[in-house]
Every structure is written in structure tokens, then in C-alpha cells.
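Working notes for the structure below.
The values are calculated or read from the model by the stated rules, or taken from the named source; none is laboratory data. Quantities reported herein were computed from a predicted structural model and do not represent experimental measurements. Positions of Cβ are backbone-derived with ideal geometry, glycine not excepted, and every protein chain shown enters the neighbour counts.
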Amino acid sequence: MSFGRPPSINVGFQVTAPDRGSFPLDHFGECKEKMTLYMNCLKENGSTSSPCRVMSRDYLDCRNAEVSAVFHTIGVLLTRMRCGGD
């Protein structure tokens, strides 16, 4: 019996890795310090993520800021190319 979910939710479900290039990597290590703090917290807490939520949020905020800056720069460059500017 299934209570509150479709009966076949786990039947035939395969976990797959994300497509290559779908997650931007931190090539320049701009968020490495926050990532290291988070990973050390996970190690100290036996891979339990609850005590490390603040560090996880800080790391993801850093990554989002990095990605947003890249997309903003790309947008500015594309606009300049379209308008024939410098």
C-alpha cells in the first residue's frame, strides 16, 4: 500500500549524474575556503548535514554570487556586441 504517494514511485527509478557542464565548477577557487569549512564540519559530525547548514548556505551563496557575476559579464559583453560598442 502507498500512503500519500503514487504506488510506483520507486519502481524503475534510476539515479543519474547531471549532464556534463550543467553545474559550473569553481575553477579559480573563489569559494574554496567556505567549501573547506563545510566539508570539515561534515567530517566532524559524521556526515550529518544539520549542524552544518549555515556553512552550507554560505558556500552556496558564494557559488551563486560567482555564477551571477559571470552571467552578468556575459550579458554586458553580448549587449555591447549587438550594439557595436567597445
- Among the residues of segment 48-71, is any among the polar types (S, T, N, Q) and part of a loop (DSSP other than H, G, I, E, B)? yes
- Residue check, Gly21 against (1) modelled with pLDDT under 85; (2) over 16 Å from the mean Cα position of the chain (by Cα); (3) of a type outside the set (A, V, I, L, M), all met but one. Which one? (2)
- Can you tell me which residue among Asn10, Asn40 is modelled with pLDDT of 90 or more and either surrounded by fewer than 10 Cβ atoms within 10 Å (Cβ to Cβ) or assigned to a helix (DSSP H, G or I) (or both)? Asn40
- Kindly provide the set of residues from segment 46-86 that are modelled with pLDDT of 80 or more and exposed (fewer than 10 other Cβ atoms within 10 Å of the Cβ), ordered by number. Gly46, Ser47, Ser50, Met81, Arg82, Cys83
- Looking at segment 24-37, which of the residues that are surrounded by 10 or more Cβ atoms within 10 Å (Cβ to Cβ) and not aliphatic (A, V, I, L, M) is modelled with the lowest pLDDT? Pro24
